[in-house]
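Below: the structure, in C-alpha cells.
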Amino acid sequence: MNIKKDFGLRIKELRNKKGMTQYELAEMVAIDPKHISHIETGRSFPKADLIEKFATAFGVDYTEFFKTEHLQDRKYLTEKINIIIKNATNEDLRKILKILMCLTN
C-alpha cells in the first residue's frame, strides 16, 4: 500500500462518481488543475485544509478518502476474500453466493 497513490485513486474515484472533471474539482477547491492531476497520480499529497475542501466538494466526511481497500490489486483482494470465506458461517456463505450470482447475471 502507498498512501499517496491510494489517496489519489480514491479522489479520482469520487470525482468520477460525481461526474466532475479535474478542472471542475480544481475550481471548487481553489487550486490549479495540475495539482489535482498530481494528487490523483500519487505525486503529491494535499495538506489538511485541502483535504477538508475535497470533503466539502464531494459532500463526504474526510475519512472516506482513506477507505481504499477495494482499490488494491487482485492478489490482495483475492487474499481478503479467501479469509472472509474461510471464516464465514454456512448462512454467510449462502449470502455471499447470492451476491456473487447477482453480479454475474
- Query: Going by the structure shown, is Asp92 touching a residue at least 40 places away in the same chain (Cβ under 8 Å) and of a type outside the set (Gly, Ala, Ser)?
  - Reply: no
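Using the structure shown, decide if Ile81 is farther than 15 Å from Lys4 by Cα and either in contact with a strand residue (DSSP E or B) (Cβ under 9 Å, 6 or more places away or on another chain) or modelled with pLDDT under 95 (or both).
Details: farther than 15 Å from Lys4 by Cα: yes; either in contact with a strand residue (DSSP E or B) (Cβ under 9 Å, 6 or more places away or on another chain) or modelled with pLDDT under 95 (or both): yes.
So Ile81 fits the description; yes.
The values are calculated or read from the model by the stated rules, or taken from the named source; none is laboratory data. Quick caveat, the model's predicted, so the values are computed rather than measured. Virtual Cβ from ideal backbone geometry, glycine too; neighbours counted across all protein chains shown.
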